[in-house]
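Undergrad: One structure follows; several queries about it will come next.
Please treat every number below as a calculation from the coordinates, not as lab data. Please read all numbers here as calculations on a predicted model, not as lab measurements. Using ideal geometry, Cβ is built from the backbone for each residue, glycine included, and neighbour counts are taken over all protein chains shown.
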């Protein structure tokens, strides 16, 4: 029997997408958020969106997300995505060649490109040190907070209740959400609390293998160039950038240690800021790199690199563990978790019950190319 009342915990991109989907399909849904909309990882995300995945399942999810992003022209901007390896980095150069071939076999609009041709296409890039590069032509970027606001408004228009500044716990047998001023029973509960998901589920006596880890990003001042600059991931240097308000949004700075989601450094490290300025000066070569703002955010890791999306126990669902790819896959995975909540199929490979919650593992960032 389909649930008639559903609680969603977490108002990031996944949470608001699922809330809007559930409300559109007739469920009585309430969204709980301990802070404000997009107050967590979604508000600090880069918004880079592409379908450049060599795995069939990942590619289908990414393609569906891009279809849905394109329905929101006020949020999404089309722009090719380039990823490259530098001369001397044969390991990653080989990986890029292999990946691009597999992507092409999956029907994705992806192609290898020689360094000189890359420069001809994007003369704003410095390509002297590039060994190999690939382009995902059907990519783009989205303004993350705008997306969350649009989805939240869609949810409200379809009857969803959105309660911000409302921390909650989860109780089971029966399934309830105790909030500050009430305790409500629900037919189903979706925990999409990002780095806080493990703690939220702990209150229900449910353990998941999840490690939050810190990443960093910054926004430069406007860069004086008339040349087109794509979104780009330098696999050798392990950093990415995309255009942002006349300048660039640049990031990674991944810390491969577990962070406490309640107590972590939200400002970017000075070392990261200086290193990033030097990297951009080498890849774009403007006269001077000014930094408008810099920050840190939290991503979440799982033992096998795949997210935890699906039913943990009867009526209790989770969507977290995205290794930095959560925002770009939110439209499709919000759709798929809604399907599962309402009695349909989820994504079998992402089934959270593949783990028992006691696993030990090392953190691997989602953009790593090994």
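Undergrad: Label-point separation (nm) for residue 256 and residue 295, each offset 7 Å from Cα along Cα-to-Cβ?
TA: Going by the 7 Å Cα→Cβ label model, 2.7 nm.
Undergrad: Which whole-number percent gives the relative contact order of the range 86-228, counting Cα pairs below 8 Å spaced six or more residues apart?
TA: Working: 128 pairs, mean separation 24.7, N = 143.
Once divided by the residue count of the range 86-228, the mean separation gives 17 percent.
Undergrad: Kindly give the semi-axes, whole Å and largest first, of the ellipsoid equivalent to the chain, taking each as the square root of 5 times a Cα gyration tensor eigenvalue.
TA: Working: eigenvalues 259, 85, 76 Å².
Semi-axis lengths for the chain are 36, 21, 19 Å.
Undergrad: I've got another one for you. Helix 144-157 sits at what angle to the longest principal axis of the chain, using alpha carbons and giving 0 to 90 degrees rounded to 10?
TA: Approximately 30 degrees, to the nearest ten.
Undergrad: When only C-alpha pairs under 8 Å and at least 6 residues apart count, what is the relative contact order of the range 279-370, in percent?
TA: Details: 105 pairs, mean separation 28.0, N = 92.
Answer for the range 279-370 is 30 percent.
Undergrad: With 5 Å bins from zero, work out the P(r) of the range 259-370 over every alpha carbon pair and list the percent per bin.
TA: 2, 9, 15, 16, 16, 13, 10, 8, 6, 4, 1, 0
Undergrad: With n ≥ 4 as the cut-off for DSSP H runs, can you work out [θ] at 222 nm for the chain, using -39500 (n - 2.57) per run divided by the number of residues, rounded to the nearest 500? Intermediate results must be reported in sequence, preceding the final value.
TA: Working: 8 runs with 99 residues, N = 370.
Here the helix-only value at 222 nm equals -8500 deg cm²/dmol.
Undergrad: Let me ask you something else. Relative to the longest principal Cα axis of the chain, at what angle does helix 90-105 sit, 0 to 90 degrees, rounded to 10?
TA: Orientation of helix 90-105: about 60 degrees from the principal axis.
Undergrad: Below 8 Å, C-alpha to C-alpha, sequence gap of six or more: please give me the relative contact order for the chain in percent.
TA: Values: 862 pairs, mean separation 84.7, N = 370.
With pairs under 8 Å counted, the relative contact order is 23 percent.
Undergrad: On to the next question. Decide, for the range 217-312, between rounded, prolate and oblate: order the square roots of the alpha carbon gyration tensor eigenvalues as a ≥ b ≥ c, take rounded if a/c falls under 1.5, and otherwise choose prolate if a/b is larger than b/c, else oblate. Please report the intermediate quantities before stating the final value.
TA: On the way: a/c = 2.37, a/b = 1.80, b/c = 1.32.
Prolate, because a/c is 1.5 or more and a/b exceeds b/c.
Undergrad: I would also like to ask the following. Order these by the 10 Å Cβ neighbour count, fewest first: 231, 328. Write down the numbers at each step before the final one.
TA: Numbers: 231 25, 328 29.
The most exposed by this proxy come first: 231, 328.
Undergrad: Then there is this: How big is the Rg/Rh ratio for the range 151-208, C-alpha atoms only, Rh by Kirkwood, two decimals?
TA: Values: Rg = 12.4 Å, Rh = 12.6 Å.
Radius of gyration over Kirkwood radius for the range 151-208 works out to 0.98.
Undergrad: For a protection proxy built on the mean count of beta-carbon atoms within 10 angstrom, sort 48-56, 67-75, 156-164 highest first, please.
TA: Working: 48-56: 21.8, 67-75: 14.3, 156-164: 16.0.
Most protected by this proxy first, the peptides run 48-56, 156-164, 67-75.
Undergrad: Arrange the following residues from fewest to most other Cβ atoms within 10 Å of their Cβ: 249, 112. Kindly include the intermediate steps, with their values, before the conclusion.
TA: Details: 249 22, 112 16.
Going from least to most buried by this count: 112, 249.
Undergrad: Ratio of Rg to Rh for the range 254-307, alpha carbon only, Kirkwood? Each step should come with its number before you reach the end.
TA: On the way: Rg = 14.7 Å, Rh = 13.6 Å.
Ratio value, two decimals: 1.09.
Undergrad: In nm, give the distance between the simple-model label positions of residue 153 and residue 184, each being 7 Å from the Cα along the Cα-to-Cβ direction.
TA: Output for this residue pair reads 2.3 nm.
Undergrad: Starting from the 7 Å offset along Cα-to-Cβ, what nm value, one decimal, do you get for the label separation of residue 78 and residue 105?
TA: 2.9
Undergrad: Sticking with this one: For 341, 208, what's the fewest-to-most ordering of other Cβ within 10 Å of each Cβ? Mind showing how you got there, number by number?
TA: Working: 341 27, 208 23.
Going from least to most buried by this count: 208, 341.
Undergrad: Could you give the length gained on full extension between residue 274 and residue 57, defined as 0.36 nm per residue of separation minus the Cα-Cα distance, in nm? Show your work: numbers first, answer last.
TA: Values: separation 217, 0.36 × 217 = 78.12 nm, distance 3.79 nm.
Contour length minus the Cα-Cα distance gives 74.3 nm.
Undergrad: Place a label point 7 angstrom from the Cα of residue 128 along the Cα-to-Cβ direction, then list the residues of the range 63-93 whose backbone nitrogen is under 16 Å away.
TA: Backbone N within reach: 86-88.
Undergrad: Now for a different question. In whole Å, how far is the Cα centre of the range 1-74 from that of the range 119-135?
TA: Cα centroid to Cα centroid, the span is 33 Å.
Undergrad: Also, quick follow-up: Using a Gaussian network model of the chain whose springs link C-alpha atoms within less than 10 Å, name the residue from 223, 337, 61 with the highest mean-square fluctuation.
TA: Evaluated over the chain, the most mobile residue of the options is 223.
Undergrad: Right, another one. Taking only Cα atoms, what is the 0 to 90° angle, nearest 10, from helix 326-341's long axis to the longest principal axis of the chain?
TA: 30
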